[in-house]
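K.L.:
The following block contains the structure, expressed as structure tokens.
Each value in this text was obtained by applying a stated rule to the coordinates, not by laboratory testing. Since the model is a prediction, treat every value here as computed from it, not as a measurement. So basically every Cβ, Gly included, is an ideal-geometry build from the backbone, and we count neighbours across all protein chains shown.
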Amino acid sequence: MAEQTIRFEDGTAYEQMMGIWSRSAGEVFLDWLAPARGLRWIDVGCGNGAFTELLVERCAPAEVQGIDPSDGQLAFARTRLAGRQAQFRQGDAMALPFAASSFDAAAMALVIVFVPDPAKSIAEMIRVVKPGGTVATYMWDMQGGGFPMYPILVEMRAMGVQPPRPPQVDASRIEVLRGLWADSGLEAMEAREITVYRTFPSFDDFWRIKMTAPTLGPTVEAMAPVDAEALKARVRARLPADADGRITYAARANAIKGRRPG
């Protein structure tokens, strides 16, 4: 499967495709972190602000800074409720635009596989949190079948179609995350799986939303029409509808957290 830099520029489309999944997993992630109220947070790779909004709603933070390379995603993030309390700016996860020890906690939600050098981004999160601060992430288990796009991807592969994948897809594996956190020098490490479910009103709604993905949509469009229809039929068979025509299935993420020594 080809690796490439993958950018999400349409915040509205991303909200339908992944923001809802992100929020569901983020709820479990925050329950697990159980942070104190009144902390200063940085949301690295904040995208369209789905997880940032959870931080604002649930954690009563003193400050939240959201960083992302996409102007389109940031524009959407600023329209959310979180945009009234959080600040969003364009930036690089491997070179965060903040002084050392600026935050109490750093989180990276569904991002680490898209960062060219995950270890460097972890080092940056450690740098900007104060001693004793939390550094945590969660990422879909893309290698283990936990990615929300998996029902389509597995059928594509069965047909010999290989859509692009993130540059650091191995970083979605729990053993790789454990190694990255251990190598970074973080203390009190813990890891867990997060399983969430989503229901779509119909298969056609599911398909329409998934085709907004910047990797899937163009790949399917490039297929011969007969092959695209065959792919759609295979995925439909993999995701049987209930009596009301709804599609429900699970996605699974790996999460890890640690504490900066000090």
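K.L.:
Neighbouring Cβ atoms within 10 Å as the yardstick, rank W32, W140 fewest first.
P.N.:
Going from sparsest to densest Cβ surroundings: W32, W140.
K.L.:
For a protection proxy built on the mean count of beta-carbon atoms within 10 angstrom, sort 181-193, 91-103 highest first, please.
P.N.:
By packing density, highest mean first, the sequence is 91-103, 181-193.
K.L.:
Sort M223, M159 so that the residue with the fewest other Cβ atoms within 10 Å of its own Cβ comes first and the one with the most comes last.
P.N.:
Neighbour counts put them in this order, fewest first: M159, M223.
K.L.:
Sort Y150, Y138 so the one with the fewest other Cβ atoms within 10 Å of its own Cβ comes first.
P.N.:
Ordered by Cβ neighbours within 10 Å, fewest first: Y150, Y138.
K.L.:
Can you give me the Rg/Rh ratio for the chain, using Cα atoms for both radii and the Kirkwood formula for Rh?
P.N.:
0.98
K.L.:
Helix 50-59 versus the longest principal axis of the chain: what angle, 0 to 90°, nearest 10, using Cα atoms?
P.N.:
50 degrees
K.L.:
Same structure again: Given R₀ = 51 Å, FRET efficiency for A100-D205 by Cβ-Cβ distance, to 0.05?
P.N.:
Once rounded, the FRET efficiency stands at 0.65.
K.L.:
Give me Rg/Rg_expected for the range 177-225, where Rg uses Cα atoms only and Rg_expected = 2.2 N^0.38 Å with N residues.
P.N.:
Here the Cα radius of gyration is 1.95 times the empirical estimate.
K.L.:
When Lys and Arg each count +1 and Asp and Glu each count -1, what net charge do the other residues less than 14 Å away from G262, Cβ to Cβ, add up to?
P.N.:
+2
K.L.:
How big is the range 103-157 in terms of Cα radius of gyration and Dmax, in angstroms?
P.N.:
For the range 103-157, the Cα radius of gyration and maximum Cα-Cα distance read 14.5, 46 Å.
K.L.:
Can you compute the FRET efficiency between A250 and R127 using 1/(1 + (r/R0)^6), with r the Cβ-Cβ distance and R0 = 41 Å? Round to the nearest 0.05.
P.N.:
Result of the calculation: an efficiency of 0.70.
K.L.:
Along Cα→Cβ, 7 Å out, is where each label goes; now give me the distance between the ones at E229 and R89 in nm to one decimal.
P.N.:
Between E229 and R89, the label points sit 5.3 nm apart.
K.L.:
For the range 32-39, what does the Karplus curve 6.51 cos²θ - 1.76 cosθ + 1.60, with θ = phi - 60°, yield as ³J(HN,Hα) per residue in whole Hz, taken in order and with x for Gly and Pro?
P.N.:
Calculated HN-Hα couplings, in order: 5, 5, 6, x, 5, 7, x, 8 Hz.
K.L.:
Quick check: net charge around D92, other residues with Cβ under 10 Å of its Cβ, Lys/Arg +1 and Asp/Glu -1?
P.N.:
Residues close to D92 contribute a combined charge of -1.
K.L.:
Using a cut-off of under 20 Å, list every residue of the range 126-145 whose amide N is near the label point 7 Å from the Cα of D183 along the Cα-to-beta-carbon line.
P.N.:
126-128, 135-144
K.L.:
As an exercise, use a Förster radius of 35 Å and the Cβ-Cβ distance of R238 and D117 to find the FRET efficiency, rounded to the nearest 0.05.
P.N.:
Working from the Cβ atoms, E equals 0.50.
K.L.:
Using alpha carbon centroids, what distance separates the range 112-146 and the range 188-262, in Å?
P.N.:
After rounding, the separation between the Cα centres reads 22 Å.
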